[in-house]
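Step one of this worksheet: look at the structure below.
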Amino acid sequence: MPTFTVERLSFQHLAELPNAWQNADYLALLTKLDYDNPAAIEPTELKAMCQMALTDLEPGAAAPLVLEHLLAGQLTAGQIEQLSHQMLTEKLWEENPRLELHQHFFNATQLLYEAYNGQFPHPQAVEFQVKVTAADPADLALFDEAPAAPLLRLLAAGLSDHALLHRLFGEQLAGEAFAEAPAILWQLTPSEKTASSVVFDVISSDYWLEEFKYADTYEAPTHADKAAETAG
């Protein structure tokens, strides 16, 4: 199994995810809210006007509109209604069993938290850069097809044994399939690549990777999922 040197280059907290909300999203929400002629609003004012229009409603009435906008087609009306009530007190981006929806729950809560001055749970994400250096440059090909699983295995090696990743996903970390990995690493972008190293920009929830801020440079083995290896 190939071994890599892992070096954390930076680490910071985020209150909102970059590019999570576009002007088209604000326009769509304003239309849902029956706002009069939203297309006439200056682009720089759209976010503020959208949040103001949301706060004309009670928090429990605004939440389903935001969830419906983000998750139409992925959840039933009944599920959206139920989750809307939970959103007021629960961190759905951590507690909901459907990991593939966590990033959407984070974005929905972030917009509502800001609009309602903290009446929703406080969302916090982490963003960091990590440099991965291969002893054998050919091993970097592990990250070409589906980088989330092999990278998450490397990141987990920099966390303590009692970290949530180890407790909940020990089998996947050691095994040949880690289907949840892309839902844990919300945004994963290779930013710099040399013959023997690659730098990844990573955004995730602090729920999973807050502890990585303490990681020193270390060496660890990793492997791609079996399906990814076969596809490659």
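The values are calculated or read from the model by the stated rules, or taken from the named source; none is laboratory data. Because the structure is predicted, anything quoted here is derived from the model rather than measured. Every residue, glycine as well, gets a Cβ built from its backbone with ideal geometry; the counts of neighbours run over all protein chains shown.
Worth a mention:
- From the options 102, 13, residue that is surrounded by fewer than 18 Cβ atoms within 10 Å (Cβ to Cβ) and either touching a residue at least 24 places away in the same chain (Cβ under 8 Å) or of a type in the set (Lys, Arg) (or both): 13
- Which numbered condition residue 54 fails, given (1) free of Cβ contacts under 8 Å to residues at least 24 places away in the same chain; (2) closer than 19 Å to residue 118 by Cα; (3) among the hydrophobic types (A, V, I, L, M, F, W, C): (1)
- Scan of region 38-89 for residues that are small (Gly, Ala, Ser) and within 28 Å of residue 100 (Cα to Cα), ordered by number: 60, 61, 62, 63, 72, 73, 77, 78, 84
- Qualifying positions in region 16-40 - outside any helix (DSSP H, G or I) and either without any contact (Cβ under 8 Å) to a residue 12 or more places away in the chain or within 23 Å of residue 122 (Cβ to Cβ) (or both): 16, 17, 18, 19, 20, 21, 22, 34, 36, 37
- Within region 166-188, residues that are acidic (Asp, Glu) reach partners that are loosely packed, with under 13 Cβ neighbours inside 10 Å with beta carbons closer than 7 Å, at six or more positions or on different chains, in the pairs 176/226.
- Matching residues, region 105-128, being within 22 Å of residue 212 (Cβ to Cβ), in contact (Cβ under 8 Å) with a residue 60 or more places away in the chain and out of contact with any Leu (no Cβ under 8 Å at 6 or more places or on another chain): 123
- From 87, 49, residue being within 21 Å of the chain's Cα centre (by Cα) and modelled with pLDDT of 95 or more: 87
- Being under 23 Å from residue 92 (Cα atoms) and surrounded by 15 or more Cβ atoms within 10 Å (Cβ to Cβ) is a description that applies to residue 206.
- Selection from region 108-142 of residues that are in contact with a strand residue (DSSP E or B) (Cβ under 9 Å, 6 or more places away or on another chain) and of a type in the set (Phe, Trp, Tyr): 128
- Condition check for residue 164 on (1) within 22 Å of residue 211 (Cα to Cα); (2) buried (at least 19 other Cβ atoms within 10 Å of the Cβ): one failure, at (2).
- Residue count, region 131-180 (criterion: charged (D, E, K, R), in contact with a helix residue (DSSP H, G or I) (Cβ under 6 Å, 6 or more places away or on another chain) and over 21 Å from residue 10 (Cα atoms)): 3
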